[in-house]
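The values are calculated or read from the model by the stated rules, or taken from the named source; none is laboratory data. This structure is a prediction, so every number in the text was calculated from the model and none was measured. So basically every Cβ, Gly included, is an ideal-geometry build from the backbone, and we count neighbours across all protein chains shown. For accessibility, only protein heavy atoms count, side chains too; no ligands or nucleic acids. Shrake-Rupley method; radii C 1.70, N 1.55, O 1.52, S 1.80 Å.
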Amino acid sequence: MTALTDMADLSIEDGIAVLTINNPPVNALSQGVRQGIKDGVEQSLANDDVKAMVLICAGRTFIAGADITEFASAPKEPGLHPVLELMENASKPIIAAIHGTALGGGLETALVCHFRVSDTGARFGLPEVNLGLLPGAGGTQRLPRVVGPAKALAMMTSGAQIGAAEAHADGLVDEIVEGDLREGAISFARRVVADNVPLSRVRDRDAKLAVDASLFDDFRKSIARKTRGFLAPEYNIRCIEAAVNLPFDEGMAVEAELFRELMSGPQSRAQQYFFFAERQAGKVPDVPRDTPEIPIKKVGVIGAGTMGGGISMNMANVGIPVTIVETKQDALDRGLGIIRKNYENTAAKGRISQDDVETRCGLITGSLSVDDLADCDLIIEAVFENMDLKKDIFSRLDKIAKPGAILASNTSALDVNEIASATSRPESVIGLHFFSPANVMKLLEIVRGDATGKDVIKTCMSFAKRIKKVAVLVGVCPGFVGNRILFPRQTQANQLILEGAMPHEVDKVLVEFGMPMGAFQMSDLAGLDIGWSAETSKGETIRDRLCEMDRRGQKTGAGFYDYDEKRNPNPSPVVEKLIREFAAEQGKTLRDISEEEILQRCIYPMINEGAKILEEGIAIRASDIDVTWVYGYGWPVYRGGPMHYADSIGLDEVITTLRKYQEMTGDASWEPSPLMVRLAQEGKNFSSLN
Ligand code: 3H9
């Protein structure tokens, strides 16, 4: 065996050159890999003993793409394009042997090979769109030639992968190897040589490119809602159009041009940043990787309401038995009924089978007694936000839970330390804040109390992955990271409507910024009567008055908006009149407020709050705040998150704007956080803290 570089080696076995890539963890196409492939192919071509080449990877996967860490620096030779050209035009057959995932530049490398074999578990995809990019090494031109433009559109605009069987049926994989992949690939190569199989280049295949003229526009319409605001999906579509309408080399030129444009733009910068932010969030500096974990085999959930039900579905979805406890039989029946209905709806859409519905429902047991949770390894309390009630539940859990069981609260804002004080084992207590709907939203805010054990933290971080959530570890403060940042935005939105902007005008700005809904749509969805009571209401705020009019949000068909039968919000003349009268009572004169002011007044206080959270050590790093807001509240990932957004504007600019509004409103809460001021003075940004 000859080492080509420190990431690739070559061995020749009876006329077959085996080029092995070894660049853990995911065999990304780093400089040493590109160099290794180039040298390996050149040496094999020059060696008369070699009749064919196999390209294979060591470790857990085939090449998972370009090395994203190299994107920020100047390109290093050799570039990927000349290496792929060398391979595609080689006079001897090259066979890609694929296991794990062939993604992005990895799949593009496989597509210039003359043949592809894989093991049964291999997966294939072009996920560049998730980095705000498109496949820039010929993938946009080659994949449609193999799987057809319709499937290429679906794969490239979503980043979705296909499995080995589907890839084989599509002709992307020539043979699936049941046994040892290396042996199978070598024997495939020998057959190619023995049978003198002609070398086919994907670039020369045109048979699948004939499509209906309407394909592209229909497809655009079908993804418009999901991809609103994103540039990359449209750019991927344009490349596939070029593959269909132009000769190969001209299609490649379109790909190169659009790739360059995306790569140098802010969306891709934000999405690449976010890729690493998400992975960083899983790392807790003072909880080492080898910290022992508590095995979680059975989970208990207290409360069968919307949150408790959604939380329980997460467990059942991955095969973990769960017991839900309620106080009354009818509430329990209602909760279990809703869970079944949710699963039935998913099955009706074809996303799971009827058997899955039964299996999952079968994993969920209802009970009216907390005592039934005595054998659970993790118990999650999901009752309403009342400290006395929560403390009472935790003191009861303390008496019945087995030693070492994790006692978690799904509180969205209350003090986890105070909850823990109701037990004799605060080291076992932690916050697990799920976001509604809990079976859908990806974020899990894990709240670490002063006494929470490291094994409990480690277990919960791993458990989050098991139930397919992205976990962010935060400290205790009112609202933790997510809701604490939401509060000042809602405060400003409520101020703005007393100064002249109507709710739908505020919401329009936030939605155009990329949020899934505006501040008032969110309030209406949550219910305006949370924390409101008819007995004590004094009509002191717009919200009080709306609730007094029984406009309590979507559930009553009216709140800040009027809702039609399909729950579409419409600006309400009643609310507009109410706002005008209320402002007049308060002696306020309404004025025209620009969209720029609405945006800055809603978003900049969030940035400032994020800075305070960092200063207090409530979040470990700025990027954790961004992960929280992208996965918990739908902040547009193409803007990276509030802290990345601040960095992209520049902290000096953010501070100047905060001071401008401080002066205008006379409100001290606009005072820029000392941390942000210090960073700006040092010429640094939030990302320097990551
Ligand atoms: C591209 O190919 C452009 C070309 O079209 C054009 C070129 C001209 N680079 O996710 P994990 C790291 S764009 C560098 O936790 P898993 C990751 O940061 C690329 N590093 O593991 C992490 O590091 P750490 C298109 C990478 O098993 C570690 O590997 N390809 C890359 O859950 C483990 O990652 C993609 O977008 C990379 N490409 O999932 C695929 N990929 O341990 C991106 C990963 O220090 N990757 N790392 O935190 C993935 O989707 C997943 O990582 C994968 C494994 C499914 C492969």
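Values as computed for the structure displayed
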item	result
Pick from segment 631-689, criterion assigned to a helix (DSSP H, G or I) and among the aromatic types (Phe, Trp, Tyr), ranking: farthest from ILE613 (Cα to Cα)	TYR638
Options LEU181, LEU153: the member that is hydrophobic (A, V, I, L, M, F, W, C), over 15 Å from THR120 (Cβ atoms) and touching a residue at least 60 places away in the same chain (Cβ under 8 Å)	LEU153
Hey, MET643 over 21 Å from the mean Cα position of the chain (by Cα) and buried (at least 16 other Cβ atoms within 10 Å of the Cβ) or not	no
Residue check, LYS588 within 30 Å of GLU234 (Cα to Cα), open to solvent by 50 Å² or more (accessible area, probe 1.4 Å), outside any helix (DSSP H, G or I) and not aliphatic (A, V, I, L, M)	no
Hits in segment 525-568 (condition: assigned to a helix (DSSP H, G or I) and either at pLDDT 95 or above or more than 30 Å from the chain's Cα centre (by Cα) (or both))	ILE542, ARG543, ASP544, ARG545, LEU546, CYS547, GLU548, THR556
Single residue of segment 444-456 satisfying the filter (surrounded by fewer than 22 Cβ atoms within 10 Å (Cβ to Cβ) and touching a residue at least 40 places away in the same chain (Cβ under 8 Å)) that is nearest to VAL416 (Cα to Cα)	LYS454
Breaking point among (1) assigned to a strand (DSSP E or B); (2) among the polar types (S, T, N, Q); (3) within 27 Å of the chain's Cα centre (by Cα), for THR411	(1)
Subset of segment 275-310 that is outside any loop (DSSP other than H, G, I, E, B) and within 16 Å of the ligand (Cβ to nearest atom) - its residue that is nearest to LEU131 (Cα to Cα)	PHE275
Tally of residues being closer than 15 Å to ARG543 by Cβ and open to solvent by less than 60 Å² (accessible area, probe 1.4 Å) across segment 557-585	10
Hey, LEU10 in contact with a strand residue (DSSP E or B) (Cβ under 8 Å, 6 or more places away or on another chain), farther than 25 Å from THR120 by Cβ, more than 16 Å from the ligand (Cβ to nearest atom) and touching a residue at least 12 places away in the same chain (Cβ under 8 Å) or not	yes
Residue among GLY303, GLY309 that is buried (at least 16 other Cβ atoms within 10 Å of the Cβ), within 22 Å of GLY431 (Cβ to Cβ) and touching a helix residue (DSSP H, G or I) at 6+ places or on another chain (Cβ under 6 Å)	GLY309
Test: residue in segment 250-262 that is closer than 17 Å to ILE68 by Cβ and loosely packed, with under 15 Cβ neighbours inside 10 Å	yes
Strands (runs of 3 or more DSSP E) enclosed by segment 99-146 - at least 3 residues per element that are open to solvent by less than 10 Å² (accessible area, probe 1.4 Å) and in contact with a strand residue (DSSP E or B) (Cβ under 6 Å, 6 or more places away or on another chain)	115-119
